[in-house]
Amino acid sequence: MSRVITLTTDFGGSDTYVAAMKGVLLSLVPDIQIVDVTHEIDAQDIWGGAYSVSTLMGLFPTDTIHIVVVDPGVGSDRKGMILETEHGLYVAPDNGVLTPLLDREPIRAVSIANPEVMRPVVSATFHGRDVFAPAAGHLAMGEPLSNFGEPIDKPVRLGLWEVERGDGWVRGRIVHIDRFGNAVTNLDRRDAPMEEEVEVSVASTTARGVRRTYADVGEGEVLALVGSQETVEISVRGGSASEQLDLRRGDQVEMRWWIA
């Protein structure tokens, strides 16, 4: 079976950047299977890239190589990185785009510093083609991690992704607004026991309870529920929570609970 390599970028579809990366990969490993996750992350939106990464954990074969290129610091002193996890290998800039993985399942991280795993000439503006794609190709050919670079002990994290916990409360952030206006948070289903009463507060609004479906409330009502990513979402039945409540990514969300 051919090895799977996924691509997640902010390159869009109107230029040839994605095709260039695929050309490099296929030249090194012709029998790989390439899966396009998305190339429509907003330009230079590291948060958006991090959220996309968080939605795929555990869905692909465990030997999958995931390339994630959202890289506003390309050409600077930021490192290239390979992150090894139980669910695959991730090739990306060390700029926080892999934060959700660092919080859940990292095994080790190494830098991409060996010129032998890069293209002979490396552009200062296109590391996706010249660094990350060839590094992934060499991984697919069986190159050991020790040949890529030195260990990275403290990969860069997005600080606002952190979750705070206290006695009877947990506090996180909105990390994504989907196309329906649902506000997806980084609060996990496990952050509050579901057998207890819960209040979910965001902006100036509080929703009582964590619902199972949108139909559990009336048309136009605000609700909190656990979405398909097993995280808490703020929604409006039949409407847009982001518009109705003026919600933005980064807004703080708090859950409080008590024994009923």
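The values are calculated or read from the model by the stated rules, or taken from the named source; none is laboratory data. Computed from a prediction, not measured in an experiment: that's the story for all the values here. Cβ sites come from the backbone with ideal geometry, for glycine too, and all protein chains shown count toward neighbours.
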Can you report the number of residues in region 218-251 which are of a type in the set (S, T, N, Q) and assigned to a strand (DSSP E or B)?
2
Do we have GLY172 as surrounded by 17 or more Cβ atoms within 10 Å (Cβ to Cβ), of a type in the set (Gly, Ala, Ser) and not in a loop (DSSP other than H, G, I, E, B) here?
yes
Residue count, region 120-151 (criterion: under 16 Å from ASP71 (Cβ atoms), of a type outside the set (A, V, I, L, M, F, W, C) and either assigned to a loop (DSSP other than H, G, I, E, B) or not assigned by TED's automatic domain parsing to the domain that holds ALA19 (or both)):
2
If you check GLY227 against the conditions, is it surrounded by fewer than 19 Cβ atoms within 10 Å (Cβ to Cβ) and under 23 Å from LEU160 (Cα atoms)?
yes
From the list ARG211, ARG189, exactly one residue is without any contact (Cβ under 8 Å) to a residue 60 or more places away in the chain, surrounded by fewer than 16 Cβ atoms within 10 Å (Cβ to Cβ) and under 26 Å from the mean Cα position of the chain (by Cα). Which is it?
ARG189
Report whether or not GLU116 is closer than 30 Å to GLY209 by Cβ and either free of Cβ contacts under 8 Å to residues at least 60 places away in the same chain or surrounded by 16 or more Cβ atoms within 10 Å (Cβ to Cβ) (or both).
no
Can you go through GLY159, GLY218 and tell me which one is over 21 Å from PRO106 (Cα atoms) and either surrounded by fewer than 19 Cβ atoms within 10 Å (Cβ to Cβ) or not assigned by TED's automatic domain parsing to the domain that holds ILE112 (or both)?
GLY218
